[in-house]
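Undergrad: Just passing along the structure, written as structure tokens.
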Amino acid sequence: MYAIVDIAGQQFKVEAGKKIYVNRLKDEPGASVSFDKVLLTDNDGAVKVGTPYVDGASVKATVIEHLKGNKVIVFKKKRRKGYDKKNGHRQCLTQIQIESIA
């Protein structure tokens, strides 16, 4: 069984027992969180599509840790003009483990 869930403005395919990285959540590590914005559920071929959300469906997860993602280098250059700019960015992420899909 899997579900498509809207978490912090992004859509993720989740299954029970899987770990995923999402944008930083305010909850502390070890806290239990629930997501009600379920867009689609699939239970062994029985697909339910929401309009926009599936009624009565929710996903329960546990916050594992807060961390930063890999560094992304942003480099801008205009040739023959003497202009170049280098900048880096690391996204703040939260790792969560999916407990159940109801």
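The values are calculated or read from the model by the stated rules, or taken from the named source; none is laboratory data. Given the structure is predicted, the values throughout are model-derived calculations rather than measurements. Here the Cβ is made from the backbone with ideal geometry for all residues, glycine too, and neighbour counts use every protein chain on show.
Undergrad: I'd like the residue in the range 81-102 that is modelled with pLDDT of 95 or more and not in a strand (DSSP E or B) and, out of all such residues, is nearest to Gln11 (Cα to Cα).
TA: Out of the qualifying residues, it is Gln91.
Undergrad: Check whether at least one residue in the range 40-60 is more than 17 Å from Met1 (Cα to Cα), part of a strand (DSSP E or B) and in contact (Cβ under 8 Å) with a residue 40 or more places away in the chain, and report yes or no.
TA: Among the residues of the range 40-60, not one is more than 17 Å from Met1 (Cα to Cα), part of a strand (DSSP E or B) and in contact (Cβ under 8 Å) with a residue 40 or more places away in the chain, which makes the answer no.
Undergrad: Something else now. Are there any pairs with C-beta distances below 6 angstrom linking a residue in the range 27-39 that is of a type in the set (Gly, Ala, Ser) to a residue that is outside any loop (DSSP other than H, G, I, E, B), with the two at least 6 apart or on different chains, and if so which?
TA: Cβ pairs passing all conditions: Ala31/Val63; Ser32/Thr62; Ser34/Lys60.
Undergrad: Is it true that some residue in the range 31-52 is modelled with pLDDT of 95 or more, aliphatic (A, V, I, L, M) and within 19 Å of Cys92 (Cβ to Cβ)?
TA: Scanning the range 31-52 turns up at least one residue that is modelled with pLDDT of 95 or more, aliphatic (A, V, I, L, M) and within 19 Å of Cys92 (Cβ to Cβ).
Undergrad: Working only within the range 37-62, note down all residues that are surrounded by 10 or more Cβ atoms within 10 Å (Cβ to Cβ) and over 24 Å from Asp27 (Cα atoms).
TA: Scanning the range 37-62 gives Leu40, Thr41, Asp42, Asn43, Lys48, Val49, Gly50, Val54.
Undergrad: Just wondering, is there one or more residues in the range 63-80 that are surrounded by 15 or more Cβ atoms within 10 Å (Cβ to Cβ), out of contact with any His (no Cβ under 7 Å at 6 or more places or on another chain) and either free of Cβ contacts under 8 Å to residues at least 40 places away in the same chain or part of a loop (DSSP other than H, G, I, E, B) (or both)?
TA: Yes.
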